[in-house]
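Throughout, read-outs are computed from the coordinates displayed, never taken from laboratory work. Since we're looking at a predicted model, the values are computed, not measured. Virtual Cβ from ideal backbone geometry, glycine too; neighbours counted across all protein chains shown.
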Amino acid sequence: MANAETVNLLDFDAAGLVAYCASLNEKPFRAKQLQRWIHQFGATGFDGMTDLAKSLREKLQTRAHIVAPAIVSDHVSADGTRKWLVDVGNGNAVETVFIPEETRGTLCVSSQAGCAVNCRFCSTGKQGFNRNLTTGEIIGQLWMAEHMLRRSLGAGGGRGDADQRVITNVVMMGMGEPLLNFDALVPALRLMLDDNAYGLSRRRVTVSTSGVVPMMDRLGAEVPVALAVSLHAPNDALRDDLVPLNRKYPLRELMAACQRYLKVAPRDFITFEYCMLDGVNDTDAHARELIALTRDVPCKLNLIPFNPFPESGLLRSKNDRIKAFAQILMDAGLVTTIRKTRGDDIDAACGQLAGEVKDRTRLAQRTHRQAKDGAKVIEVRAV
Ligand code: SAH
Ligand code: SF4
């Protein structure tokens, strides 16, 4: 039963569950059992937790619940990309996107409802900041996606079986700036890596940041997962305009933070993301500046074709320009990829994650509208 007096066990990482069990006078190994039930077997209740003493199950029934955010809508794109809009209360919703590829399945997870950073090219930023998601709401997106995907595939077995894994990678690239919700983010990341939960290797979990320098250091110290830095400009004047956070943490500090990060994760590299904006940041001169800027940081460059939205007043760079830009970087020895746009027909691509909805009465209408031609609406639940 979920009510204000009971705790949501999705909010706890391993240490949190041990502390919670201690508060019930239960031994630490009970926490491990519970964690496996919740995250590996997707349990939603306590009755079936047969290896727990009946007395503990009864205690849990009155004091705890396991509830992931409710699904508002579920769309599948023509290319297999699947997007869920999940309810995070008070009429707000965030988006979770699954991107299947031949050799992996990537889940794109949101960390905040809205975002305060307000990058010029980002529709999430245009909505302003609403609130931080809880740990339960962040890990709940993975919990829910595992459940939904396994159900669709009719997969059996425990979620921890590596050979049965559908989600092989998680990227914190949905709505929000994850490093501005650090305290809720870290336990969620720990659960992603935990062998008694999702057991992903730390290189398969990526945090994407617009460059919150002090929190990059803390992430490195606490849970050094793969790091993507949203660069988008090779000099401070342009970056100040595109990513306003740059005025607080300019490029020199950002590059130094990247180098420090790689000291704690020595065999890793930073992925620099660069959104290609027509006539704004995509000239040959910008490419050369970018080469000079990133010279001392082991890195890969990921060029993202801009996903336009009307209020931005910006346009996507032409394909030939993106290719020419990439070629200059590659000629200088930089590993460069151009991101394939996925899920365009269901607005599931980067920067189109605009799931915040304040007016609950219009929610179902709006989610129906979001499924454009070619997209299939699987399920729309009333809120
Ligand atoms: N706040 C974090 C993570 C979420 S955004 C960050 O900024 O890194 C995930 C990625 O999508 C970022 O690289 C972001 O710059 C990019 N993005 C945002 N809006 C976009 C748009 N309209 N077109 C293409 N990429 C966009
Ligand atoms: Fe926030 Fe990232 Fe969007 Fe910038 S790009 S407004 S940091 S979500």
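Name the trypsin sites (Lys or Arg not before Pro) in the range 280-311 that are in a loop by DSSP and that have at most 13 other C-beta atoms within 10 Å, would you?
Of the trypsin sites (Lys or Arg not before Pro), the ones in loops of the range 280-311 whose Cβ has at most 13 other Cβ atoms within 10 Å are Arg295.
Output the 0 to 90 degree angle, nearest 10, between the alpha-carbon long axis of helix 135-153 and the longest principal axis computed from the alpha carbons of the chain.
80
If a paramagnetic tag sat 7 Å from the Cα of Arg218 along the Cα-Cβ line, which residues of the range 178-199 would have the backbone N under 20 Å from that point?
The answer is 178-193.
Pairs Lys126/Lys248; Lys32/Lys263; Lys32/Lys300; Lys59/Lys83; Lys83/Lys300: which exceed 29 Å Cα-Cα?
Flagged as over cut-off: Lys32/Lys263; Lys32/Lys300; Lys59/Lys83.
Under 17 Å from the Cα of Lys27, which aspartates and glutamates turn up, not counting those fewer than eight places away in the same chain?
Correct list for Lys27: Asp13, Asp51, Glu58.
What is the dipole size for the range 1-136, taken about its Cα centre, with +1 at each Lys and Arg Cβ and -1 at each Asp and Glu Cβ, in debye to the nearest 20?
Details: 14 positive and 13 negative charges, 61 e Å.
Result for the range 1-136 is approximately 300 debye, rounded to the nearest 20.
What is the helix-to-structure angle for 319-331, meaning the angle in degrees between its Cα long axis and the longest Cα principal axis of the chain, kept from 0 to 90 and rounded to the nearest 10?
Tilt relative to the chain: about 90 degrees.
Determine, for each peptide in 234-242, 81-89, the mean count of other beta carbons within 10 angstrom over its residues, then list the peptides with the highest first.
81-89, 234-242
For the Cα atoms of the chain, what angle does the longest principal axis make with the long axis of helix 14-23, in degrees from 0 to 90, nearest 10?
30
Let me check against my output: what whole-number percent is the relative contact order of the chain, with C-alpha pairs under 8 Å and at least 6 apart?
Answer for the chain is 18 percent.
Please work out how much length the chain gains when fully extended from Thr168 to Ala332, using 0.36 nm per residue of separation minus the C-alpha to C-alpha distance, in nm with one decimal. Please report the intermediate quantities before stating the final value.
On the way: separation 164, 0.36 × 164 = 59.04 nm, distance 3.17 nm.
Fully extending the segment from Thr168 to Ala332 adds 55.9 nm.
Ratio of alpha-carbon Rg to the 2.2 N^0.38 Å globular estimate for the range 7-65, to two decimals, please.
Scaled against compact globular proteins, the figure is 0.96.
Quick check of the Kirkwood formula: for the chain, what is the inverse mean of 1/r over all pairs of different Cα atoms, in Å?
21.6
Taking every DSSP beta bridge that has both residues in the range 70-367, what percent is antiparallel when rounded to the nearest 5?
In the range 70-367, approximately 45 percent of DSSP beta bridges are antiparallel ones.
Packing-wise, with mean Cβ within 10 Å as the measure, how do 172-180, 222-230, 198-206 rank, highest first?
Result, highest mean first: 172-180, 222-230, 198-206.
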